[in-house]
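Worksheet: one structure, shown below.
The values are calculated or read from the model by the stated rules, or taken from the named source; none is laboratory data. Since the structure is predicted, the reported quantities are computational estimates derived from the model, not experimental observations. Don't worry about glycine lacking a Cβ; one is built from the backbone with ideal geometry, like all the others, and counts go over all protein chains shown.
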Amino acid sequence: MNFPLNNLPHRTQQPRKHGLTMVMDKGMGMDDVRNFMSVAAPYVDLVKLGFGTAMVTGSLREKIELYRSHNIPVYFGGTLFEAFIIRNQFDDYVRVIEDYKLTHVEVSDGSIIIPHAEKCGYIEKLAKKVTVLSEVGSKDETNIMPPYKWIELMRAELEAGSSYVIAEAREAGNVGIYRGTGEVRQGLVQEILTQIPAEKIIWEAPQKSQQVYFMELLGQNVNLGNLAPAEVIPLEAMRIGLRGDTFHLYLNDQVKTPAHD
């Protein structure tokens, strides 16, 4: 913090176990990453090289090392994992992860159908080597799962070895836990939370209204993902009540009604 201000809500500190901010890098150049890190590194916990961009990103090793120099883990988007799986190249994928010395991986089935027992098998194998984030939910907006199915899949993937389950929303925030308009499926979210610990879920929430919803529901230390780099500082300000959307959310009664002489 650059200056003292009383009654700010407590934020977990890096390395965080919850209160995570996961950022999607869709192909930033090295200078952009340096600039991004110069102002936002303390607020970034994970960086995902979105979908399959890692395959075609120049200076990939240097980019990963730059994030790593700020103690920020990098992982490849789940779509790249699926691209290897559909080509029967799981062992090749593992070798790529090892070659790039990645400590985190995403296991997903949002673009292809993987039998769930098989998906959990991949999670179990990878979890012996790295931290696994597994994504639940389809990128197909017509594929609407009932709440009990979300819970069943999330529970099984955590039991298989995932450190976190990611609630699918795509980069636009208009599928999975959201309607096509970006509106939160509130009943779905709240039913999931009756069975799955909030600190084990990363909610993909690229839109500000979605971020506000989860902060109002779960507090400033909710895990949020698919943030655009430019939105990290605004999000952190919102987490501590320094944006209009959450300004009154964390103020105690004494601050809200200060005493007058």
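Please go through region 167-189 and give me each residue that is at pLDDT below 80, crowded, with 18+ Cβ neighbours inside 10 Å and in contact with a strand residue (DSSP E or B) (Cβ under 8 Å, 6 or more places away or on another chain), ordered by number. Walk me through it before giving the result.
As a first pass, look at region 167-189 and keep what is at pLDDT below 80: 169-175.
This time we only want the ones that are crowded, with 18+ Cβ neighbours inside 10 Å, so: 169-170, 173, 175.
Passing the criteria: ALA169, ARG170, GLY173.
ILE64: closer than 19 Å to MET24 by Cβ, assigned to a loop (DSSP other than H, G, I, E, B), at pLDDT 95 or above and β-branched (Val, Ile, Thr), yes or no?
Numbers: closer than 19 Å to MET24 by Cβ: yes; assigned to a loop (DSSP other than H, G, I, E, B): no; at pLDDT 95 or above: yes; β-branched (Val, Ile, Thr): yes.
The answer is no for ILE64.
Going by what's in this entry, would VAL189 be described as of a type in the set (Val, Ile, Thr) and closer than 29 Å to GLY121 by Cα? Can you show your working first?
Working: of a type in the set (Val, Ile, Thr): yes; closer than 29 Å to GLY121 by Cα: yes.
Taking the combined requirement at face value, the residue satisfies it.
Kindly indicate the residue of region 98-129 that is touching a Leu at 6+ places or on another chain (Cβ under 9 Å) and surrounded by fewer than 19 Cβ atoms within 10 Å (Cβ to Cβ) and also farthest from MET24 (Cα to Cα) among those meeting that condition.
Once the filter is applied, the top-ranked residue is HIS116.
Could you check region 209-218 and list, in sequence order, the residues that are surrounded by fewer than 16 Cβ atoms within 10 Å (Cβ to Cβ) and over 17 Å from GLU191 (Cβ atoms)?
Step one: filter region 209-218 for residues surrounded by fewer than 16 Cβ atoms within 10 Å (Cβ to Cβ), giving 209, 216-217.
Passing the criteria: SER209, GLU216.
Scan region 80-112 residue by residue and report those that are at pLDDT below 95 and among the β-branched types (Val, Ile, Thr).
Residue satisfying the conditions is ILE112 alone.
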